[in-house]
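**Q** Starting off with a structure, shown below.
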Amino acid sequence: MKADTRLRILLGCLLLGIYLLFYSPHIDSADGQAMLAVTAATLRHGTPDIGATAALDALLPLQMSRMGAFGVDGALYAKKGVTPSLALAPLVLLADALPWLDTRATAMLFNPLVTTLTALLLYTLARWLAFRPWTAFITALLYGLATTALVYVKTLFGEPLAALLLLGAVLGAYQARTTGANSEPAAAHPDRWLVLSGVCLGLLLGVNLVYAMAAPVVFMYLFGILPARPRSGMTLRRVAAFALPILGALALLGLYNWARFGSPTSSGYHFEAGEGFTQPVLVGLYGLTISPYRGLFWYSPVLLLALPGWLRLHRRAARLAWLALALAALQLLAFAAWWSWHGGIVWGPRFLLPALPLLALMLAPLVEAAFTRRALALVIGAFAALSAGIQVLGAAYNILHFTGYLYTHYYTGDVSALVAALADDVLTHPGLSAILGHLALAVSGWPLELTWTANGLDWLHLLAAGGLMAVGVGVYFVGARGHASRILLVMPLLAAFIASNIVAARQANPTTRALETALQPPGTVVAASTLLGDTLLDLDGRWRTFSTNAPTAPDDPLAAPLWDYARRQGSRLWLLTWFPPADAANWQARELWLAAAFITERQAASHRALLFDLNPARPDQAGGQHFDTIRLETYGVSRAADGLKVTLVWAANETPAADYTWFVHVLDAAGNILAQQDRAPLGGYAPTSGWTAGETITDRLAFVGDFPPATRLRLGWLNPATGSRLPAFTADGTPLPDGFALLDAD
């Protein structure tokens, strides 16, 4: 087996195995929740909304921090680019196909896989630049373990994917230019590499439109006026091969925005609220490069060596060196002006992560030279060890701890400050760096916050990650003996699949299982609670899920339109609520009791789960039966494919003396009870002691089941204080035996 193949296998298995050790099943960012919500809703319901995570989005205090914006159809859509959501689709499909996998736990494998692929791509580019195999291997390891890329494998941000795509665009452009420059006119054109570069740039636009700035730079590299050879290779065919994927991506994004927001230029960003490129560029430049708060060279000091490394790279491949530098500089300049240049509650300069593979490539010439210069090897080793240690600190503890400390002691609330809502000292004071904060946690003996240590040592998790690394080592050494069977090539892929499955399956969420058991039969789910977090994402396509914060007002600008949209999505709706029955503040439950047919109530994940049918029966039949002072004015019964719907319109001859409850029994031809409901009018929202003479109250109910012909309804009223039935009479005053009235259900 070739050395390159063996080293690629070793690199992939080592990195993915290490990443599985730092894997987290929890989505700790609004960005990640929105990305996954789009994927799940699109695959399962055909609409890319983020209703499932709307409650968490509503908790963000600033509108410009929120992920969602309402579209023309009333759905809540994400402002984040669609490419990461599309790329997540295979993992969501896998989770839906394999019963032992939860959606969120499986989706959190995304960035470990993406970052591993990025390192493999970096290895490939380094080899194409004629660096020796071990140079390429070490360079890729430096990117994967000694930069903030390691910490971001625990997240579901889109920047790791942007890093892969930007590197892919550069790799395709390099190969296209190299092949094109060396090809004779009659030779085959390297269009596939141009297409690859264009596709990567087009997909980058779907991560963030700011990457439109990269296309002209890559174009100039490919077809610039200073070619490496006398002919530039610029032909209409080659330009089209590069440009058409980018233009096609722009057109598709325009259609996507038009379908959601009614305009191809509306993406959901809250520019009217202050979101945009509003930060002084110099502040962002300082903050993203040398500030102790988020400076690149603080969090990845090994990249200081990229500066002299670039000079050596320039001697080897001048145009590529300039391309890498230009793209990295554009990444820095663009996000230095962004209102939240710091990237939110994250580790290090999140927005510079897409440029890290290009910066790591600049280390390759120094790594190559270090094979013959011991002093240089020691310098690189020291910087690499320091950088890797910083990443381990970042990955071993949750950044929320240190962020909480900053907000406790340095919060100002001024979102236009150098660091949004925090004192200016946070930007410049070395003692307020998260690196020192996490170091303090480690020195104090704070328990590691790693998945395999959460409930004691998870040996199976460790075995899965370690086994994958062992497979890589084994294939490397066995392949060195000349064995190149397909088994050796397939084994790492199979090991990666098994290890990832084991790690994700260990994180099965009992709350998800409890919800799936309780919410039967499936239907639309509205969780009026933030206590469930993003658990609704784990429910499969049988449930259409939405969440709203609670308590809210009926005219809440976020909850009200989402509530209206959710009720249009199906005929049955589960309301998950922590309110007690008939609570006046629970306006969503009240609206359902007033307009929908109640089916059942269950306990689900510490919430009350109430199921309603949104298409109740019409009260089109005359009643007339009396129960003490309460009269059945009209009623309606209709059969559904899997049940029975009943509507009862009550009227009071005079105000009842107490709070009474009614019961409805579904009987077969022999008089056996097949189903029943017993409750206060309107679920307690209309106690009978508050009725006035002549007032009508409509109760709607539904029963799920297969009811035979000749089914009848038996109804009556009870005084809960005494347990006795109210006396019942026909419309003409004839007493009804046992306080029952019988209605034909057919």
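**Q** How many residues are crowded, with 19+ Cβ neighbours inside 10 Å and out of contact with any Asp or Glu (no Cβ under 7 Å at 6 or more places or on another chain) when one looks only at region 550-578?
**A** Total satisfying the criteria: 15.
**Q** Provide a single number: the residues in region 413-428 that are touching a strand residue (DSSP E or B) at 6+ places or on another chain (Cβ under 7 Å) and in a helix (DSSP H, G or I).
**A** Here the count works out to 2.
**Q** Using beta carbons and a limit of 8 Å, which pairs, at least six apart or on different chains, have the first residue in region 200-213 and among the aliphatic types (A, V, I, L, M) and the second one assigned to a loop (DSSP other than H, G, I, E, B)?
**A** L205/G81; V207/G81; V207/G158; L209/G81; L209/S267
**Q** Which condition breaks for N653 when tested against (1) surrounded by fewer than 19 Cβ atoms within 10 Å (Cβ to Cβ); (2) modelled with pLDDT of 95 or more?
**A** Just one mismatch for N653, condition (2).
**Q** Report yes if G541 is at positive phi and within 18 Å of the chain's Cα centre (by Cα), otherwise no.
**A** No: the conditions fail for G541.
**Q** Further question on the same structure: Give region 257-270 a look and list any residue that's of a type in the set (F, W, Y) and over 19 Å from the mean Cα position of the chain (by Cα), or say none.
**A** The answer is W258, F261.
**Q** Shifting gears a bit: Taking A241 as the residue in question, decide whether it is small (G, A, S) and either over 24 Å from G81 (Cα atoms) or modelled with pLDDT under 95 (or both).
**A** Considered against the rule, which asks whether it is small (G, A, S) and either over 24 Å from G81 (Cα atoms) or modelled with pLDDT under 95 (or both), A241 comes out as yes.
**Q** With respect to T696, is the statement that it is more than 30 Å from P521 (Cα to Cα) and under 53 Å from the mean Cα position of the chain (by Cα) true?
**A** For T696, the condition - more than 30 Å from P521 (Cα to Cα) and under 53 Å from the mean Cα position of the chain (by Cα) - is met.
**Q** In addition: Residues that are β-branched (V, I, T) and assigned by TED's automatic domain parsing to the domain that holds L537: which helices (runs of 4 or more DSSP H) entirely in region 429-519 hold 1 or more of them?
**A** Counting at least 1 such residues, we get 510-518.
**Q** To continue, here is another question. Any idea which of (1) at pLDDT 95 or above; (2) in contact with a Phe, Trp or Tyr (Cβ under 8 Å, 6 or more places away or on another chain); (3) crowded, with 19+ Cβ neighbours inside 10 Å is the one F703 doesn't satisfy?
**A** Unmet condition: (2).
**Q** Another question about this same structure. Would you tally the residues in region 719-746 being part of a loop (DSSP other than H, G, I, E, B) and among the polar types (S, T, N, Q)?
**A** Here the count works out to 3.
**Q** Follow-up. Tell me yes or no: at least one residue of region 499-510 is under 30 Å from V704 (Cα atoms) and either touching a helix residue (DSSP H, G or I) at 6+ places or on another chain (Cβ under 8 Å) or surrounded by fewer than 16 Cβ atoms within 10 Å (Cβ to Cβ) (or both).
**A** Within region 499-510, one or more residues are under 30 Å from V704 (Cα atoms) and either touching a helix residue (DSSP H, G or I) at 6+ places or on another chain (Cβ under 8 Å) or surrounded by fewer than 16 Cβ atoms within 10 Å (Cβ to Cβ) (or both).
**Q** Looking at (1) surrounded by fewer than 19 Cβ atoms within 10 Å (Cβ to Cβ); (2) modelled with pLDDT under 95, can you tell me which one A420 breaks?
**A** Of (1) surrounded by fewer than 19 Cβ atoms within 10 Å (Cβ to Cβ); (2) modelled with pLDDT under 95, only one is false for A420: (1).
**Q** Looking at W717 and the list (1) modelled with pLDDT of 95 or more; (2) in contact with an Asp or Glu (Cβ under 8 Å, 6 or more places away or on another chain); (3) under 20 Å from L592 (Cα atoms), which single condition is not satisfied?
**A** Against the list (1) modelled with pLDDT of 95 or more; (2) in contact with an Asp or Glu (Cβ under 8 Å, 6 or more places away or on another chain); (3) under 20 Å from L592 (Cα atoms), W717 comes up short only on (3).
**Q** Filtering region 338-361 down to residues that are touching a Gly at 6+ places or on another chain (Cβ under 8 Å) and assigned to a helix (DSSP H, G or I), which residue is surrounded by the most Cβ atoms within 10 Å (Cβ to Cβ)?
**A** It comes out as F351.
**Q** Restricting to region 267-295, and then to whatever is in contact (Cβ under 8 Å) with a residue 60 or more places away in the chain and among the aliphatic types (A, V, I, L, M), can you tell me which residue is surrounded by the fewest Cβ atoms within 10 Å (Cβ to Cβ)?
**A** Result: A273.
**Q** Let me ask something additional. Report the residue count in region 362-412 for those that are in a helix (DSSP H, G or I), of a type in the set (D, E, K, R) and either touching an Asp or Glu at 6+ places or on another chain (Cβ under 6 Å) or closer than 15 Å to P308 by Cβ (or both).
**A** 1
**Q** Considering only residues of region 406-415 that are closer than 20 Å to S65 by Cβ and without any contact (Cβ under 8 Å) to a residue 60 or more places away in the chain, which is surrounded by the most Cβ atoms within 10 Å (Cβ to Cβ)?
**A** L406
Residue-by-condition table, conditions (1) part of a strand (DSSP E or B); (2) β-branched (V, I, T); (3) not assigned by TED's automatic domain parsing to the domain that holds W593:
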{"site": "V664", "(1), (2), (3)": "yes, yes, yes"}
{"site": "A686", "(1), (2), (3)": "no, no, yes"}
{"site": "T692", "(1), (2), (3)": "no, yes, yes"}
{"site": "W717", "(1), (2), (3)": "yes, no, yes"}
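**Q** Is at least one residue of region 526-549 in contact with a helix residue (DSSP H, G or I) (Cβ under 8 Å, 6 or more places away or on another chain), without any contact (Cβ under 8 Å) to a residue 24 or more places away in the chain and outside the structural domain of F703 (by TED's automatic domain parsing)?
**A** Looking for residues that are in contact with a helix residue (DSSP H, G or I) (Cβ under 8 Å, 6 or more places away or on another chain), without any contact (Cβ under 8 Å) to a residue 24 or more places away in the chain and outside the structural domain of F703 (by TED's automatic domain parsing), one finds none in region 526-549, hence no.
**Q** So, S29, is that one surrounded by fewer than 24 Cβ atoms within 10 Å (Cβ to Cβ), within 12 Å of the chain's Cα centre (by Cα) and small (G, A, S) or not?
**A** So S29 fits the description; yes.
The values are calculated or read from the model by the stated rules, or taken from the named source; none is laboratory data. Predicted model, so just to flag it, every value in this text is computed and none were measured. When we count neighbours, we look across all protein chains shown, and the Cβ atoms used for this are built from the backbone with ideal geometry, even at glycine.
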